[in-house]
Every structure is written in structure tokens, then in C-alpha cells.
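Here the structure comes first, spelled out in C-alpha cells, and everything after it is commentary.
Any read-out appearing in this document is the output of simple, stated calculations on the displayed coordinates, not a laboratory observation. Because the structure is predicted, anything quoted here is derived from the model rather than measured. Neighbour counts are summed over all protein chains in view; Cβ atoms, including those assigned to glycine, are modelled from backbone coordinates with ideal geometry.
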Amino acid sequence: MEVWEKVFVKDGDFLQSTHGKVGCVICHGGNSQEEDKGLAHAGLIIDPSDGNCNTCHQDLAQSHDISLHATLSGFESALEARGGDISEGSPLATAMENHCQECHTTCGQCHVSRPDELEGGLVSGHKFRETPSMQYNCIACHGSRVGDEYLGANEGIPADVHWTQATMICTDCHSQELHGSGEETESRYQNSNAAKCEDCHEDVWTNTEGNPQHEQHLGDLSCQVCHSVEYKNCYGCHVAIDVEGIPCRTSEPSVMQFEIGYNPLRSSERPYKYVVLRHVPTCSGTCDFYGDELLPNFNAASTWKYATPHNIQLHTPQNESCDACHDSTELFLTEEDIRAEEKEANKDVIVDEFPETVGK
Amino acid sequence: MKRLVMTFAVILVLFALSVIGCTNKELAGATPEPGEEVVSTCVTCHTDKDILQETATVEEEAKSEATTGEG
């Protein structure tokens, strides 16, 4: 996006909209009476979301303020779970400030402009979009895994049926969830507003007649175990500051894998014994640039995490017959699939008992 | 006497309201009536593609070239 294009209010109708009528200066500061560009922009607030939106949208703004999109507490909890000290002034706090804070999302970065991570820019003139753009907002940040899976951008892997069959966009499933649940959480799976398959497919749970697979497995397998296909797994992320003083990160090439493991989040909400697991990019040396042994209890949290890949298919290799799964150890996360230095961290999700061959 | 006090109070309130109305020009000016044209240098420039192209300054690239792999 060109620099000028990012700030071009191309839709004149915006000026007559509720937000447009407020005037520029009230939200953005600056001086609307100055003709000199420098003077007009003195004190300019590029993203005025903080403290402005809650004037009218109090409930949503308050909920957003403690949601993962705002707090990034998912990063904090992952570091703390591994014994990391993230107190103010600590090396890990500096690392978080340099590398994690860029993922913070404001109201405006979903409803008005592209996120900072993509260097901003108005999405539709200055129109306030109640529904964010899937392309310019959601996938702008959630692109390399979920976005690529959903749109079928991974070579040889089909796009999600919710896209190919119904052209559903992210907010069709993920609506209120995106503003949080009104309670602080450490993971998206703790969000009580999180999307569930049964929100639309309730009949699958209430009527299993004629579908012996559902009858047998609804309680012990998550939907993705049977209905998703290979998805992206990332390894070996390292963060640092480059020679020019700019934050940077490196990681190994991603790997397309499909791994069924034991459910690390087993609860009444997610009672399944088996779920699909995704390897997160972290490793014991992720933050080594900032100091030695910054994650002293690295093995206290698994590196293969509960996952919900976004490449759902009705028919998959593992659900084409009972034996496709029952006779295969290939589909399961075993000791052999785990790197030596991560075996301890993942001991609770590694599968050690395989489903018996049907008929035995 | 009571009537005098009441009259004074009403005058005081009316005066206060008129003062607020006069000093809040910026807010009133920034909230035009429907159909009223919003006049400011912000709008003049930011709705004019040519002016924006002419006055645009190229931003420094803040991305590190050392970054590799997917985010």
C-alpha cells in the first residue's frame, strides 16, 4: 500500500457518518486550521482507539481491554509456565516489549485500518466497518497458519469447506469471542465465547442415527481428529536485535504434519481423549539473545498444543474407513515424532496406547 | 425579596448557559449538521488524492532484514 493511500479518505460519505461528523481533531488531535503539513500534524494521534471508543461503545471497549487481543496474556502465561520471569525490567520483559507487543490490537486496527504489523493504512477510506475485513484485518495477523489453511494456500492441501462451500468469513464463526468474554483469560480456549462446531452443527450431537462413527466417537475425539488434514507446524523460533538495532526473529522452515495426541485441555467443555496437536514455534533457546536460562522450567509446558486447524473436510484420509485410523500409528504423535530435547515437555500428550484394530 | 433572588438565579443560569455555548465553538464546529460541509485542512488534503501524492514522505523501513521464516 502506498504511503498516501494509507491516509486517503476516498469515501466522501464517511464525513456524513456518525464517526465522520465528530470531526478529525477530536479523535486525532493536530490542528485543522493550519495549512502547513508539519504544523497541522503537530501532536497527531495516528491510532486514537485508546480512550476514545469507550465513550460510546463502553461494554465492547471494556471487554476488549481484557481480551487476548489487547493484553497478549497468552504470551505471558506461556513464558511464566516455563519458569520465565517477566517482571518489569527483566530480560524477558524487554524481549516481550521488543517482539510481542507488535501483536497488540486496538479497536481501530480491526474496524478502520490494517494492523500496525502490516504498517497500517485505511481499509475502506475511513469507513468504520462493523465487520472487519477477513483479508486486511484477520488474515493480516493470522495468515501463516490459520489463513493459509482456510484459503487452501498450502500446496496440495485443500481449503476449508466452510470457505469453498459457503464462502464464510472469520466473523461468521468468531464473533463476540474477538472482544473476549469479559473475563481475563490466558488462552483462546478459555474464552467462553469461543466458536464451537456445535453452534451450527447441533444436529451432529442430537442425531447420530445412520452415522456409526459419530455414534462411537463424539465423546472421545475432537471434530478435527476426523475432519481436518495436514496443517502447518513451526519450530525453532529465536528472537534478537539485529546489527541496526531492529527487532528480528528467525525460525526453521515450517513442516506440514497431522498429529493426533492426548488432549492437554481435557475438561467438561472439551472431554475428548484425543485431539489434534500443533507444534508451536518456541524452543528452549527462543530468548537466548536476552540472557541464559531465561526459561528454567522449559519442560513444564508442552510444545505440542491443542489445535483447531482451519482446513475442515467432510472426507479425509483418516475417516475413509475404521482401519485407516485404528490400524495406523502414523497419525499419532509418538516418541519418534518428538525432538530429544522436548520429550519431557510433551510426555503428557504423546500417545502410548493406540486404538485396537477393529474386530480384535 | 424572594422573587428578586429567584430572578437573579434565573439570570445567572441563563448567563452560564450562554457562556458555555460561546466557548464551546471547537466542538460545535467539529460536529456539523447533516448535510453541512465539513471544512478543515484535514478534510481538504485527505480527500484529495493528488495533494496526498504530492506531499507524501517515504517512511523509513523498520523491518529487520535478519528476520527469516514465518511469523
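Using C-alpha pairs below 8 Å separated by at least 6 residues, the relative contact order for region A:134-173 is 30 percent.
Can you bin every Cα-Cα distance in region A:10-104 into 5 Å intervals starting at zero and give me the percent of pairs per bin, rounded to whole numbers? Spelled out per bin, shortest first, that is 3, 10, 14, 15, 14, 13, 12, 9, 6, 4, 1.
For chain A, the 222 nm mean residue ellipticity estimated from helices alone, with every DSSP H stretch of n ≥ 4 adding -39500 (n - 2.57) and the total spread over all residues, rounds to -4500 deg cm²/dmol.
With Cα atoms defining each centre, region A:248-327 and region A:162-200 are spaced 20 Å apart in the structure. Our summary gives chain A a relative contact order of 16 percent, counting only alpha carbon pairs under 8 angstrom and 6 or more residues apart. Enclosing the Cα atoms of region A:1-195 in their convex hull gives a volume equal to 166 cubic angstrom per residue. Once the Cβ-Cβ distance of B:LYS63 and A:SER90 is raised to the sixth power relative to R0 = 25 Å, the FRET efficiency obtained is 0.45.
Sorted from fewest to most neighbouring beta carbons within 10 Å, what does the list A:GLU97, B:GLU70 look like?
On the way: A:GLU97 11, B:GLU70 16.
The order, fewest Cβ neighbours first, is A:GLU97, B:GLU70.
For region A:16-156, what is the relative contact order in percent, using Cα pairs closer than 8 Å and at least 6 residues apart in sequence?
Numbers: 122 pairs, mean separation 19.4, N = 141.
Relative CO of region A:16-156 lands at 14 percent.
3J(HN,Hα) couplings calculated from phi for region A:247-256 with the Karplus curve 6.51 cos²θ - 1.76 cosθ + 1.60 (θ = phi - 60°) are, in sequence order, x, 9, 8, 10, 8, 6, x, 6, 10, 7 Hz; Gly and Pro show x.
Treating each Cα of region A:209-360 as an identical point scatterer and ignoring solvent, apply the Debye formula and state log10 I(q)/I(0) at q = 0.14 Å⁻¹. The Cα Debye sum returns log10 ratios of -0.75. Ordered by the count of other Cβ atoms within 10 Å of each Cβ, fewest first, B:VAL58, A:VAL123, A:VAL7 give B:VAL58, A:VAL7, A:VAL123. What aspartates and glutamates sit close enough to A:LYS347 to cross-link, taking a C-alpha to C-alpha distance under 13 Å and skipping anything fewer than 8 places away on the same chain? Straight-distance partners of A:LYS347: A:GLU335, A:GLU336, A:ASP337.
Given +1 on the Cβ of Lys and Arg, -1 on the Cβ of Asp and Glu, and no further charges, what dipole in debye does chain A carry about its Cα centre, rounded to the nearest 20? Mind showing how you got there, number by number?
Details: 22 positive and 60 negative charges, 140 e Å.
Value, rounded to 20: 680 debye.
Which GluC sites (Glu not before Pro) in region A:113-168 sit in a loop by DSSP (not H, G, I, E or B) and have at most 10 other Cβ atoms within 10 Å of their own Cβ? Walk me through the numbers before you get to the answer.
Numbers: sites: A:GLU117, A:GLU119, A:GLU130, A:GLU149, A:GLU155; in loops: A:GLU119, A:GLU130, A:GLU155.
Passing both the DSSP loop test and the Cβ count: A:GLU130, A:GLU155.
Cross-link reach is defined here as a Cα-Cα straight distance under 13 Å, omitting same-chain residues fewer than 8 places apart; for A:LYS232 the aspartates and glutamates meeting it are A:ASP148, A:GLU149, A:GLU155, A:GLU252, A:GLU259, B:GLU70. For region A:174-210, the set of GluC sites (Glu not before Pro) satisfying both a DSSP loop assignment and a count of at most 16 other C-beta atoms within 10 Å is given as A:GLU183, A:GLU184, A:GLU186, A:GLU209.
Across region B:54-60, rounded Karplus estimates of 3J(HN,Hα) from the backbone phi angles (6.51 cos²θ - 1.76 cosθ + 1.60, θ = phi - 60°) give 5, 9, 5, 10, 6, 7, 5 Hz, Gly and Pro being marked x.
How many partner chain Cβ atoms sit within 10 Å of a residue's Cβ in peptide A:235-244, on average, as a whole number? Provide the component values of the computation, followed by the final result.
Details: counts 1, 1, 3, 2, 1, 3, 2, 4, 3, 4.
Per-residue shielding by partner chains comes out at 2.
Dividing the convex hull volume of the Cα atoms of chain A by its residue count, what figure in Å³ per residue is obtained?
On the way: hull volume 62.9 nm³, N = 360.
Per-residue hull volume (Cα only) is 175 Å³.
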